[in-house]
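To start, the structure itself, in structure tokens.
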Amino acid sequence: SQQGEEDPQALSIQEGENATMNCSYKTSINNLQWYRQNSGRGLVHLILIRSNEREKHSGRLRVTLDTSKKSSSLLITASRAADTASYFCAAYTGNQFYFGTGTSLTVIP
Amino acid sequence: GAVVSQHPSRVICKSGTSVKIECRSLDFQATTMFWYRQFPKQSLMLMATSNEGSKATYEQGVEKDKFLINHASLTLSTLTVTSAHPEDSSFYICSARPDVVTEAFFGQGTRLTVV
């Protein structure tokens with residue numbers, strides 16, 4: 001399977017703490033993207049990091065990419081209850097997306 | 001960002017009937033569209049890739065005759081679930097890509113329930 005893996009599968013933290021999710025993939029990529037999905041809803045694009053980039057920031061989000069290890073991490077700082085959702089990484093080959101298994105994040109108020 | 005509209009957002013149908021789901025790129029021409037299926041609490045699984053004007057490429061294990069994909073124009077792709085059964089109940093999501101070098105944009109998904 002081309003599908004990537006994410007860990008942890010589930011993460012529960014207190015509001016204000018940081019949340020870190022990791023993603024590993026199997027293919028060579030053009031870019032890697034992180035998405036958020038609230039229960040039963042569609043995907044919301046969070047951030048894109050290109051294969052020649054190592055780190056990227058957007059608001060409270062920080063993404064790193066290590067192409068040699070085929071891995072990426074998403075850090076959400078100062079988490080809020082509204083951040084509760086599932087988070088997916090998607091490795092984009094330039095032809096197709098391959099999604100990770102997802103991390104279910106629960107932020108406790 | 002670019003907008004991809006998926007319709008309907010929810011549909012309930014009887015077993016044995018067919019259901020059509022539309023995916024439209026509203027402000028760009030989509031050379032390629034992708035169809036995904038998502039089971040509860042699981043990730044998105046790519047079902048097929050369609051390029052405008054040609055036959056879709058299906059992933060292994062996806063029945064071509066059951067999941068008919070048409071990409072007749074640069075702004076519209078349709079997925080038809082034929083002779084639907086309860087096990088086809090799922091969340092279906094499309095994405096559209098303008099050209100080779102840019103990222104794809106996702107529709108909001110369609111919740112299909114077959115009763």
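Here are the numbers for this structure:
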quantity	calculated
Segment A:38-109, relative contact order [Cα under 8 Å, separation at least 6], %	22
Exercise: per-residue mean of other protein chain Cβ atoms within 10 Å, A:87-96	3
Cysteines without a disulfide-compatible partner [chain B; Cβ-Cβ under 4.7 Å]	B:Cys13
Among B:Gly61, B:Gly16, B:Gly53: highest mean-square fluctuation, GNM of chain B, C-alpha pairs under 10 Å	B:Gly61
Subset of A:Lys26/B:Lys66; B:Lys20/B:Lys64; A:Lys26/B:Lys64 violating a 18 Å alpha-carbon distance limit	A:Lys26/B:Lys66; A:Lys26/B:Lys64
Residue-count net charge about A:Glu17 - beta-carbon cut-off 15 Å; Lys, Arg +1, Asp, Glu -1	+1
Those residues of segment A:1-42 whose amide nitrogen sits under 19 Å from the label point placed on A:Arg60, 7 Å along Cα→Cβ	A:8, A:10-22, A:34-39
Average other protein chain Cβ within 10 Å of Cβ, residues B:52-58	0
Segment A:36-59 and segment B:1-17: distance between their alpha carbon centers, rounded to Å	24
Zone residues, segment B:68-105, relative to B:Cys13, backbone N less than 12 Å from point 7 Å out along Cα-to-Cβ	B:68-69, B:79-86, B:88-90
Chain B, relative contact order [Cα under 8 Å, separation at least 6], %	37
Pairs of alpha carbons in segment A:16-87 whose separation is greater than 20 Å (percent)	29
Max mean-square fluctuation residue, GNM over chain A, Cα-Cα springs under 10 Å, options A:Arg50, A:Arg62, A:Arg41	A:Arg41
Ranked packing of B:88-95, B:77-84, most packed first, by mean Cβ within 10 Å	B:88-95, B:77-84
Top positive-direction residue, dipole computed over segment B:13-115 with Cβ charges, set B:Ser77, B:Thr57, B:Phe67	B:Phe67
The protein assembly as shown: projected area of the alpha-carbon convex hull, averaged over directions, in nm²	11.9
In segment A:8-109, the GluC sites (Glu not before Pro) that fall in loop regions by DSSP, at most 15 other Cβ within 10 Å	A:Glu15, A:Glu17, A:Glu53
Cleavage-rule hits (GluC sites (Glu not before Pro)) in segment B:39-69: DSSP loop, at most 14 neighbouring Cβ within 10 angstrom	B:Glu63
Cα convex hull of chain B - mean projected area over all directions, nm²	6.8
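Any read-out appearing in this document is the output of simple, stated calculations on the displayed coordinates, not a laboratory observation. Please read all numbers here as calculations on a predicted model, not as lab measurements. Heads up, the Cβs are rebuilt from the backbone with ideal geometry, glycines too, and the neighbour counts pull from every protein chain shown.
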